[in-house]
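First up is the structure itself, then whatever we jot down about it.
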Amino acid sequence: MVNIQINFHRAASKFLNFGRMAYRRKNRLSVDAYVSGVLAGDRMVLSRAVTLVESTLVADQALAEEVLAKLLPHTGHSLRIGITGVPGVGKSTFIESFGSFVTSLGKKLAVLAIDPTSQRSRGSIMGDKTRMEKLAHDPLAYIRPSPSGDALGGVTHKTRETMLLCEAAGFEVIFIETVGVGQSETAVHGMVDFFLLLMLAGAGDELQGIKKGIMEMADAIAITKADGENKDAAKRARREYQNALHLFPLASSGWSPKVLTCSALDEEGLDDIWELLLEYQQKMKESGYFGHRRKEQNRHWMHEAIRYMLMRDFYTADSVSGRLAGVEAVVERNEMPAMMAAKSLLAAYHEGQS
Ligand code: GDP
């Protein structure tokens, strides 16, 4: 009886494994099929390529790298825009309205997100496409919810690679959204051409949770909800922020950040923001800064990738993970200096590698 049960379990698990493998194989295309599908702008293939890039399976990652390497010459031809602002500032409504404005010009738009909270509550920020109902049904728009990831920063790499896939698929404008509470803005700033900060009128900076560092990164600030009774307050805020920005040192691009007002509900001020983006793009291309910054960003991401891979290898190595908690406890109790503890863990790691 026991034997029969064991055999049954074996057979069942064999069957399931076979099923899984077949499923996996069925869901993976050849490198050339991914490449030609993406280049043809086939959304289904694009989505599958993004899923591949987001996968944590080693075989998928190798395939994704090949696909990306082949697509790389076809990337770079978009305007990459980072959009940030604290929850409640009106980000989704703005992206919906401004995104629709952009597609109304005949431009293909991709909306991606870096969402540091997605690990805890998946889809809280970008997952629900219903947040952008109109855009989600717009044939010129492509919305991709943010991937969940590990704590070491792998998510931002995946968003950047997704952006490259979208460019290869012919998307001309890319929005990358963050939540604006200071965790991912630097990463987004490092992958976009233009960084747009959304702010509310009548709420202090502290209240808005916006750190000075984020304001310093902004190429433009848009005061949102400039409609109805809020219009005057928005105009006042615009002057105040413009004055505040003058106090910051001039950016190396030579661009002085602008402050605008807009209403996503009334669809006002969106054209001004678009004009500003185009002005920025033109000026920066003329000065050579546009290309210079992208080169710098490429280099930066290579170093980020090295940092990420080293950290991941280190923390997932058996020689480290088995010791880590014990060494942490020793350091907490001040029984060993942090530097010495780090060195001992690194030594254990190198030993484990040899
Ligand atoms: P998010 O959390 O930053 O994504 O903000 P939402 O887009 O969800 O908007 C938060 C609230 O502000 C919602 O109740 C929106 O209806 C409101 N809101 C967004 N944009 C505007 C606007 O342009 N004008 C006004 N009056 N309200 C807005």
query: So, of the residues in the stretch 216-231 that are assigned to a strand (DSSP E or B) and more than 13 Å from the ligand (Cβ to nearest atom), which turns out to be surrounded by the most Cβ atoms within 10 Å (Cβ to Cβ)?
result: Ile221
Condition check for Arg312: open to solvent by 100 Å² or more (accessible area, probe 1.4 Å) and either free of Cβ contacts under 8 Å to residues at least 40 places away in the same chain or part of a helix (DSSP H, G or I) (or both): no
query: Can you find a residue in the stretch 247-262 that is assigned to a helix (DSSP H, G or I), more than 16 Å from the ligand (Cβ to nearest atom) and surrounded by 14 or more Cβ atoms within 10 Å (Cβ to Cβ)?
result: no
message: Quick test of your reading of the structure: Ala234 fulfils all but one of (1) assigned to a loop (DSSP other than H, G, I, E, B); (2) crowded, with 19+ Cβ neighbours inside 10 Å. Name the failing condition by number.
response: (1)
- prompt: Can you name the residue in the stretch 255-297 that is hydroxyl-bearing (Ser, Thr, Tyr) and under 30 Å from Asn230 (Cα atoms) and is also nearest to the chain's Cα centre (by Cα) among such residues?
  reply: Tyr280
field: Tabulated pairs, the stretch 243-265, first in contact (Cβ under 8 Å) with a residue 12 or more places away in the chain and more than 22 Å from Lys91 (Cα to Cα), second in a loop (DSSP other than H, G, I, E, B) and more than 16 Å from the ligand (Cβ to nearest atom), C-beta under 6 angstrom, 6+ apart or interchain
entry: none
task: Could you please tell me which pairs satisfy a Cβ distance under 7 Å, a separation of 6+ or placement on different chains, a first residue in the stretch 67-85 that is part of a loop (DSSP other than H, G, I, E, B), and a second residue that is aliphatic (A, V, I, L, M)?
output: Thr75/Leu164; Thr75/Ala168; Ser78/Val173; Ser78/Ile174; Gly85/Leu197; Gly85/Leu198; Gly85/Met199
statement: The correct count of residues that are within 16 Å of the ligand (Cβ to nearest atom) and open to solvent by 10 Å² or more (accessible area, probe 1.4 Å) in the stretch 56-115 is 11
Filter result (of a type in the set (A, V, I, L, M) and either more than 16 Å from the ligand (Cβ to nearest atom) or not in a loop (DSSP other than H, G, I, E, B) (or both)) within the stretch 263-288: Leu270, Ile273, Leu276, Leu277, Leu278, Met284
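The values are calculated or read from the model by the stated rules, or taken from the named source; none is laboratory data. Predicted model only: the values in this text are computed from it and were never measured. Note that each Cβ is placed from the backbone with ideal geometry, even for glycine, and that neighbours are counted across all protein chains shown. Ligands, DNA and RNA are stripped out before the accessible areas are found, and what is left, the full protein with its side chains, is counted by its heavy atoms. Shrake-Rupley method; radii C 1.70, N 1.55, O 1.52, S 1.80 Å.
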